[in-house]
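Have a look at the structure below, then the notes.
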Amino acid sequence: MSKDLAIHHYDTLDAHADISCPDPHQDTFSKTVAGFWIYLMTDCLLFGTLFATYAVLHNETFGGPSSHELFTLSYAFIETMILLFSSVTSGLGILAALRNEKNQVVAWFSLAFVLGASFVAMELFEFSNMVQEGHSWRRSAFLSSFFTLVGTHGLHVSTGLLWMMVLMAQIFWQGITTITFRRIVVFGLFWHFLDVVWIFIFTFVYLLGVI
């Protein structure tokens, strides 16, 4: 969603404001989004470091199984589609917020939550199977880097799910206000960012790991 659309939404929510004075809502929106972009850049550095670590250690199997033996590409592809569809539904929720349709926002975000929770459940199932088969993070440097990279992303998704629950409750009780709309936009940035990170994980960890 573009910044212009967001600012337009603020205009419609505060239509009776004095146009001769600066709009504090727009100023707060700009500062909040700019600050959150800074946070996302620091997260990029975190994931960049984890990707670099995995790239260095992915062949250090210590005599254990390699990525080609452990990873199932079809399973990872299903995870990818689930997370991507959750991003689509959250985007539709943001569009509904622009139209000030509270119930539609809650409905789309509820679907995004179910999809996101399914993704986390699949990831935990994959981790559990690997550990039960003796392929935990302690088995080799390769597995340590894999669990750290993918697990960090999963932790971010889990945090996003908690955030989404709180946000849906606020929307349900307070409606679409300037404050809740700003929070919706910021959450959307975070959720889409996690999708981008997962696409890189799918490509460099799973896809390249099995070919």
Mean projected area, convex hull of alpha-carbon positions in the stretch 28-210, reported to one decimal in nm², is 10.2
Sum of -39500 (n - 2.57) over DSSP H runs of 4+, divided by residues of the chain (222 nm, nearest 500): -27500 deg cm²/dmol
Could you tell me how many degrees, from 0 to 90 and to the nearest 10, lie between the Cα long axis of helix 3-13 and the main elongation axis, the longest principal axis, of the Cα atoms of the chain? 40
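Quick one: putting +1 on the C-beta of Lys and Arg, -1 on the C-beta of Asp and Glu, what dipole do you get for the chain around its Cα centre, in Debye to the nearest 20?
I would put it at about 180 debye.
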Within the set of other residues whose C-beta is less than 15 Å from the C-beta of ILE82, count the net charge using Lys and Arg as +1 and Asp and Glu as -1. -4
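For the chain, what's the relative contact order in percent, using C-alpha pairs closer than 8 Å and at least 6 residues apart?
Relative CO of the chain lands at 31 percent.
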Euclidean distance between Cα centres, the stretch 142-211 to the stretch 68-120, Å: 10
So, for the chain, what is the accessible surface per residue at a probe of 1.4 Å, expressed in square angstrom? 51
At R0 = 45 Å, how high is the FRET efficiency between ASN103 and PHE77 if r is their beta carbon distance? Nearest 0.05 is fine. 0.85
Could you please state how large a percent of the accessible area of the chain is carbon and sulfur, counting protein chains only and using a 1.4 Å probe? 68
With springs only between Cα atoms under 10 Å, which of LEU194, LEU167, LEU155 fluctuates most in a Gaussian network model of the chain? LEU155
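The values are calculated or read from the model by the stated rules, or taken from the named source; none is laboratory data. Computed from a prediction, not measured in an experiment: that's the story for all the values here. Methodologically, a virtual Cβ is constructed for each residue, glycine included, from the backbone with ideal geometry; neighbour enumeration extends over all protein chains shown. For the accessible areas, the whole protein counts, side chains as well, though only heavy atoms, and no ligand, DNA or RNA atoms are used. Shrake-Rupley method; radii C 1.70, N 1.55, O 1.52, S 1.80 Å.
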